[in-house]
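The values are calculated or read from the model by the stated rules, or taken from the named source; none is laboratory data. Computed from a predicted structure; not experimentally measured. All Cβ positions, glycine included, derive from the backbone under ideal geometry; neighbour counts span all protein chains shown. Each accessible area value is taken on the protein alone, full model and side chains, heavy atoms only, with ligands, DNA and RNA left out. Shrake-Rupley method; radii C 1.70, N 1.55, O 1.52, S 1.80 Å.
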Amino acid sequence: MSAGHADERSDTMPELPEVETVRLGLRAVMEGARIEALELRRPDLRFPFPEGFAARLEGRRIEGLGRRAKYLLADLDDGARVIMHLGMSGSFRIESASGAATPGVFHHPRDGRSLHDHVLFHLSGGQTVVYNDPRRFGFMDLAPGPGDAASPHLALLGIEPVGNAFDGAALLERLAGRRNPLKAALLDQRLVAGLGNIYVAEALHRSGLSPMRQAGSVTAAEAARLAEAIRTVLGEAIAAGGSSLRDHRQTNGELGYFQHAFRVYDREGEPCPSPGCHGIIERSVQAGRSTFWCASCQI
């Protein structure tokens with residue numbers, strides 16, 4: 001992959017497949033475990049921790065580890081919910097009680113001094129889950145209940161693109177009457193939750209739809225095609241461990257490999273991979289974000 005462009009700084013944010021990959025990696029050690037101690041090594045990340053955060057979590061059992069859009073959700077046995085966001089460079093590491101090294105092969109060197117280990121969950125199973133975040137753009141919050149309405153971070157989120165309710169009809173309803181570009185509408189978290197720049201570009205190419213066209217112009221047939229492409233590209237990325245661009249890694253330290261399957265993202269100037277298309281992948285800028293697409297087959 002190329003080194004990227006200056007306007008793509010926000011593409012270091014993990015997208016839905018990356019967050020789901022992290023959730024799957026953490027689930028085996030966190031679900032059902034009791035938080036014996038919560039160690040906060042600083043008073044804040046992107047935002048200050050909630051008042052009494054450590055005391056409110058210690059002794060609580062994690063009943064389930066879920067995901068909503070790009071947020072990790074730990075549901076506790078007292079009904080509260082921990083909401084975690086990875087920001088640009090946040091990651092989790094699983095360590096044994098003996099302090100054994102994190103398993104997996106690191107493709108990029110890490111700071112072994114634990115300088116950026118900010119939150120440590122000491123669990124009843126003997127493991128410690130460490131949250132590491134060099135840039136501290138991630139955050140953790142506590143909601144009083146499990147529903148979306150209980151948290152301002154979740155209350156306005158749209159439909160989940162990998163949920164059972166997401167299909168062409170649901171997407172068409174959300175795009176109807178919208179005059180902004182199709183790509184911008186898909187990135188609106190109030191319409192579809194969890195979609196980011198990379199996978200929107202991939203889904204639009206697979207469905208043959210231009211990121212520039214008016215969102216409300218999408219027909220029922222096109223919406224069905226696009227919804228299927230979104231589900232497919234996200235499913236493939238989750239299965240591959242996420243794209244793991246730049247800072248993001250799986251919980252075992254390994255990079256995912258979905259980036260090798262990108263059709264258009266970061267492939268400016270390369271031939272379009274669509275069968276029978278003789279176009280060239282272009283790069284445009286929409287609202288300060290890079291858009292990669294083929295003007296020949298995306299209409």
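Some notes on this structure:
- Residue match in segment 116-125 (condition: assigned to a loop (DSSP other than H, G, I, E, B), more than 30 Å from Arg231 (Cα to Cα) and at pLDDT below 95): yes
This table checks each residue for (1) part of a loop (DSSP other than H, G, I, E, B); (2) touching a residue at least 24 places away in the same chain (Cβ under 8 Å); (3) buried (at least 16 other Cβ atoms within 10 Å of the Cβ).
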{"position": "Val19", "(1), (2), (3)": "no, yes, yes"}
{"position": "Arg23", "(1), (2), (3)": "no, yes, yes"}
{"position": "Ile35", "(1), (2), (3)": "no, yes, yes"}
{"position": "Glu51", "(1), (2), (3)": "yes, no, no"}
{"position": "Ala54", "(1), (2), (3)": "no, no, no"}
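- Here is the figure for segment 209-244: residues that are open to solvent by 50 Å² or more (accessible area, probe 1.4 Å) and closer than 20 Å to Val19 by Cα total 3.
- Considered as a group, the residues in segment 56-78 that are open to solvent by 50 Å² or more (accessible area, probe 1.4 Å) and either assigned to a helix (DSSP H, G or I) or in contact with a Ser or Thr (Cβ under 9 Å, 6 or more places away or on another chain) (or both) include one that is farthest from Glu95 (Cα to Cα), and that residue is Arg56.
- Meets criteria (loosely packed, with under 15 Cβ neighbours inside 10 Å, more than 26 Å from Arg135 (Cα to Cα) and of a type outside the set (S, T, N, Q)) for Asp44: no
- Filter result (closer than 12 Å to Gly66 by Cα and in contact with a Leu (Cβ under 7 Å, 6 or more places away or on another chain)) within segment 17-51: Val19, Val22, Arg23, Leu26, Arg27, Met30, Glu31
- Within segment 204-219, residues that are under 20 Å from Phe262 (Cβ atoms) reach partners that are in a loop (DSSP other than H, G, I, E, B) and of a type in the set (Val, Ile, Thr) with beta carbons closer than 9 Å, at six or more positions or on different chains, in the pairs Leu204/Val264; His205/Val264; His205/Ile281; Gly208/Ile299; Leu209/Val218; Leu209/Ile299; Ser210/Ile299.
- Scanning segment 282-297 for residues that are farther than 11 Å from Met212 by Cβ and open to solvent by less than 30 Å² (accessible area, probe 1.4 Å) returns Ser290, Phe292, Cys294.
- Within segment 209-241, the residues that satisfy the criterion of being hydroxyl-bearing (Ser, Thr, Tyr) and either under 22 Å from the mean Cα position of the chain (by Cα) or assigned to a helix (DSSP H, G or I) (or both) are Ser217, Thr232.
- Cross-chain or 6+ apart pairs with Cβ under 8 Å, segment 273-299 first and of a type in the set (A, V, I, L, M, F, W, C) and in a strand (DSSP E or B), then modelled with pLDDT under 95 and loosely packed, with under 15 Cβ neighbours inside 10 Å: Val285/Asp7
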